[in-house]
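Remarks on the structure that follows.
Rule-based calculations on the coordinates, nothing more; no lab input. Since the structure is predicted, the reported quantities are computational estimates derived from the model, not experimental observations. A quick note on method: Cβ atoms are made from the backbone with ideal geometry, for glycine too, and the neighbour counts reach across all protein chains shown.
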Amino acid sequence: MSEQQTNKDKPAAETSKPNEKSTGNGRRDDRRGDRRGDRRGNRRPRQPEPEKIWLPRTRLGTLVQSGSVQSLDTIFQNGWKIKEYEIVNKLMPDIKSLVVHVGVVQKQTDAGESTRFKSVVAVGDENGWFGVGTGKKPQLKNAIDSATQNALLNIIPVKLGCGSWECRCGTNHSIPYRTVGRGGSVKIELIPGPKGLGLVAGETIRNLLALAGVKDVWSKSFGSTSTMPSVANAVYDSIRQLHSMSLQ
Ligand SMILES: [Zn+2]
């Protein structure tokens, strides 16, 4: 890869030479010009990866691609399981993602050490859909991609509402009732808040709740809240718990 690039760089550097003719003492300037060209000027820009065509592997995927199923609501109302992340991408093209955590995982093997990257990504539409996923891959970019895809598969509707006794407006700016979620040692409690309160939480929790579409909420957190993967999982769990309550 790197050899190919340097070979392709050389001709480009040569073509840039004529421009420098005007400078009097040619040789040194030429050399300097070459070096500069090699270092930054003529580097080939990274090619964007060609868009892959999605070939659905499940019946739900086929239905979504053909347009027979047009919303995630339909999928969740019927209790269908999403097994292809492309389904979510197709139905929700504007979905946002947030890299919550990136870390290095090392393992001792026969041949030495294997280094992999672990990533935690949250996805959401800032209006009632939210998911968290993890990915572990030898390359950082692949780890983030894999985590994003995993998060898309884990997407769930957020039960929004107004459960604040101070507010009672009935709009979807908060959550309908108190909820508790756990991830690792972290426990997070979310309590409905009045309109205009904002997200009373630490930075990560605030960003995650904003991604989910919650606008006003009180929060309490317990445990080692500097452990980002646990925080993300606890937020996801607390949002999932909103549904288990409604089933009771
Ligand atoms: Zn309200």
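Here are a few things to note about the model shown:
Matching residues to (1) part of a strand (DSSP E or B); (2) of a type in the set (Lys, Arg); (3) within 25 Å of the chain's Cα centre (by Cα):
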| site | (1), (2), (3) |
| --- | --- |
| Cys167 | no, no, no |
| Ile188 | yes, no, yes |
| Gly196 | no, no, no |
| Asn207 | no, no, yes |
| Ser238 | no, no, yes |
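Per-residue answers, yes or no, for (1) closer than 24 Å to Ala147 by Cβ; (2) free of Cβ contacts under 8 Å to residues at least 60 places away in the same chain:
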{"position": "Val200", "(1), (2)": "no, yes"}
{"position": "Glu203", "(1), (2)": "yes, yes"}
{"position": "Asn207", "(1), (2)": "yes, no"}
{"position": "Val214", "(1), (2)": "yes, yes"}
{"position": "Phe222", "(1), (2)": "no, yes"}
{"position": "Met228", "(1), (2)": "yes, no"}
